[in-house]
Amino acid sequence: MEKVTDPRQRYLLRTNKKWFNHYCEYILAGEILHVGNGLGYASALIKEKNQQLICLDVTVQKDTINKEDVVLYNGTKIPYEESSFDVVLCDYVLHHTPDPAQMITELIRVAKLNGLIIVIEQTYNNTFQRLKLFYSCWKQNRDSGQNVGMYWRSYFSRSGSRSTFRTMNLEILDIISEQRKSSYTEMFVLKKK
């Protein structure tokens, strides 16, 4: 991976490395779908461990490091058959979709039976945290040159995320939660039943 010089993008790289260290054990084998390639940092880290990776996004940003590897799609229907992937990684994407439940349904559809779905999202406990989270996400995306949509209703509360996953018949295998100043970043390792 090339040296990242922009300080805002270095922050994103550090964040991707930190979360990669948490999910690395799950992506060592099998076919992986990474939904939400972003600038490509997580995808580059994954590809060092497993070449069976497909990167998916709605757009390729100017500073994306793996432009040639990104498959573009409409952000609604994932363009792969049912039960295609052993692991589906969706990091920092659900709050950029107008209908997160529909996106989760798509993640489930393309995951193999007993396959893993790894979701990394920022969550909140109260309205103040939600407001702060929305603003900080908007600012981070703007400052790092990522032109992406944001949807107020697409942010999950901590309890709402867990409830949604259980309602969608996903088994929660692990949750790693990191408290930030006024919100949380959480990684959910989910199993398709």
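The values are calculated or read from the model by the stated rules, or taken from the named source; none is laboratory data. A quick note: this is a predicted structure, and the numbers were derived from the prediction, not measured. Glycine gets a Cβ as well: all are built from the backbone with ideal geometry, and neighbour counts include every protein chain shown. Accessible surface areas use protein heavy atoms only, side chains included; no ligands, DNA or RNA. Shrake-Rupley method; radii C 1.70, N 1.55, O 1.52, S 1.80 Å.
Data overview
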read-out: Computed E for Ser182/Ala101 - FRET, C-beta separation, R0 35 angstrom, nearest 0.05; value: 0.90
read-out: Solvent-accessible area, 1.4 Å probe, carbon plus sulfur percent, for the chain; value: 50
read-out: Check: the chain dipole with +1 on Lys, Arg Cβ and -1 on Asp, Glu Cβ, in debye; value: 740
read-out: For region 69-193, the Rg and Dmax computed from alpha carbons only, in angstrom; value: 14.5, 40
read-out: Cα centroid separation, region 128-193 to region 71-107 (Å); value: 15
read-out: Subset of Lys49/Lys191; Lys18/Lys49; Lys18/Lys181; Lys17/Lys192 violating a 19 Å alpha-carbon distance limit; value: Lys49/Lys191; Lys17/Lys192
read-out: Debye log10 I(q)/I(0) at q = 0.25 Å⁻¹ for region 10-69, Cα point scatterers; value: -1.09
read-out: Two-site FRET efficiency, Asp143 against Leu28, from Cβ-Cβ distance with R₀ of 35 Å, rounded to 0.05; value: 0.55
read-out: Extension gain, Glu48 back to Val71 (0.36 nm per residue minus Cα-Cα distance, nm); value: 6.4 nm
read-out: Cα gyration tensor category, rounded, prolate or oblate, for region 1-146 with a/c compared to 1.5; value: oblate
read-out: Cross-link table Lys62/Lys139; Lys3/Lys77; Lys3/Lys47, entries beyond 26 Å C-alpha to C-alpha; value: Lys3/Lys77
